[in-house]
1. Does residue 314 meet the test of being out of contact with any strand residue (DSSP E or B) (no Cβ under 9 Å at 6 or more places or on another chain), over 30 Å from residue 431 (Cα atoms) and free of Cβ contacts under 8 Å to residues at least 40 places away in the same chain?
2. Would a scan of segment 193-204 turn up a residue that is assigned to a helix (DSSP H, G or I) and either closer than 30 Å to residue 82 by Cα or in the same structural domain as residue 87 (by TED's automatic domain parsing) (or both)?
3. Give segment 406-418 a look and list any residue that's in contact (Cβ under 8 Å) with a residue 40 or more places away in the chain and either in a loop (DSSP other than H, G, I, E, B) or surrounded by fewer than 23 Cβ atoms within 10 Å (Cβ to Cβ) (or both), or say none.
4. Name the residue that is farthest from residue 90 (Cα to Cα), counting only residues in segment 63-79 that are in contact (Cβ under 8 Å) with a residue 24 or more places away in the chain and out of contact with any strand residue (DSSP E or B) (no Cβ under 8 Å at 6 or more places or on another chain).
5. Mind checking which strands (runs of 3 or more DSSP E) fall wholly inside segment 5-109 and carry at least 1 residues that are within 16 Å of the ligand (Cβ to nearest atom)?
6. Pull out all pairs, ordered by first then second residue, where Cβ-Cβ is under 8 Å, the residues are six or more apart or on different chains, the first lies in segment 1-25 and is within 22 Å of residue 435 (Cα to Cα), and the second is part of a loop (DSSP other than H, G, I, E, B) and modelled with pLDDT of 60 or more.
7. Spot the failing condition for residue 209; the list is (1) touching a strand residue (DSSP E or B) at 6+ places or on another chain (Cβ under 8 Å); (2) more than 30 Å from residue 290 (Cβ to Cβ); (3) touching a residue at least 40 places away in the same chain (Cβ under 8 Å), and only one is missed.
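The values are calculated or read from the model by the stated rules, or taken from the named source; none is laboratory data. Bear in mind the structure is a predicted one, so any value in this text is a computation, not a measurement. Cβ placement follows ideal geometry from the backbone for every residue including glycine, while neighbour counts extend to all protein chains displayed.
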Ligand SMILES: [Zn+2]
């Protein structure tokens, strides 16, 4: 059994210990719980393009105040009302790069609160059970956001003056691919940084108090998109199924092919643990008021995930079309339509940030002090704002506590992992930006 706390004591200088002492479990729990409930459920922001987006204004104001209290120059940028992005800058005292710490303020919605028994059916009330803190947003990503704030706080409280600029960038609209958040900030406002660390879940492993765990360093992301396949058959009376081509039945048969279908792609350096594939997310067939008829139209909505560099919307639609075509064969009694879901975005995969460049070098140096080895590099399949920063040329990575693949109901985060991640952030910031004075 490895005791990570024991490893810590012997591996850090007195100077580093002083910084680390400012980051405690108690402080993290208090801040995480405060952030988790701030402005909820209005900050819930579904990926579904046909549903309204979130409003992150309340948490944005809370976070703005916290960054101002740390001496940051804070600005808010909003492309639509009630959705301000927060950017705080702690100006460096010397020459150095600009490091962005990034996270998002929206969360997934809670659609079924009756499944949240771990929080007594109150999904925004942070609730502890052993080493886990449960709540919507605990893992994705307000618990992580708390880690980034504690890291800056530990530096400021110790009077540390950094050489380079430390930028905190907290976005809205991340859960639906960044239109009003990271896309707006990079494309319209033109925010720039040399390096960026997105504090989103990349952790893995079991009980963190027993030491068997780690955090991947996600140096690239997979892409995704939403596609609809509509099958059209013939409407008939329920009493005469022999005269219908029931579109629901045809679509259901088609799903078993779509679920397994391969996508044309080249093998790349970091493939991510999910290969290019589909996930069926909705099926829509049958109209209210027509229960006496079998439906003539059924639409399957699917996510294409695990997209790697080189794949694009055209290649994906062509692959799906070939699959549907071979399913239909020479039948004349059914037809099909394939299209990207209206108002959804195609998110391409990103190219890896080189491991021998920042911020990877410093993250690995610090990570090794805590964990005894370097972080495992990978491609993260989920969307993160990391993608939008990488698209404009920033060396942007994802690195944070919270499980990659957290539970959709009863979401949780390991308290041990979160506290250590906050400590890692603090030392990584120092490592990358350098110290002008302090301690
Ligand atoms: Zn997230």
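1. Details: out of contact with any strand residue (DSSP E or B) (no Cβ under 9 Å at 6 or more places or on another chain): yes; over 30 Å from residue 431 (Cα atoms): yes; free of Cβ contacts under 8 Å to residues at least 40 places away in the same chain: yes.
So residue 314 passes the test.
2. The initial filter retains those residues of segment 193-204 that are assigned to a helix (DSSP H, G or I), namely none.
Among the residues of segment 193-204, not one is assigned to a helix (DSSP H, G or I) and either closer than 30 Å to residue 82 by Cα or in the same structural domain as residue 87 (by TED's automatic domain parsing) (or both), which makes the answer no.
3. Our first condition is that a residue be in contact (Cβ under 8 Å) with a residue 40 or more places away in the chain; within segment 406-418, this holds for 406, 408-418.
406, 408, 409, 410, 411, 415, 416, listed by residue number.
4. First, pick out the residues of segment 63-79 that are in contact (Cβ under 8 Å) with a residue 24 or more places away in the chain: 63-64, 66-67, 70-72, 77-79.
Next, only the ones that are out of contact with any strand residue (DSSP E or B) (no Cβ under 8 Å at 6 or more places or on another chain) stay: 66, 79.
Details: 66: 13, 79: 24 Å.
For segment 63-79, the residue satisfying everything is 79.
5. Numbers: elements: 73-77, 85-90, 98-104.
Qualifying strands (runs of 3 or more DSSP E): 85-90, 98-104.
6. Listed by first residue and then by second, the contacts come to 18/158; 19/158; 19/160; 20/12; 22/158.
7. (1)
Every residue, every condition in (1) in contact with a helix residue (DSSP H, G or I) (Cβ under 9 Å, 6 or more places away or on another chain); (2) modelled with pLDDT of 95 or more; (3) away from the ligand (no atom under 16 Å from the Cβ), yes or no:
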| position | (1), (2), (3) |
| --- | --- |
| 171 | yes, yes, no |
| 184 | no, yes, yes |
| 212 | no, no, yes |
| 223 | yes, yes, no |
| 229 | yes, yes, yes |
| 232 | yes, yes, yes |
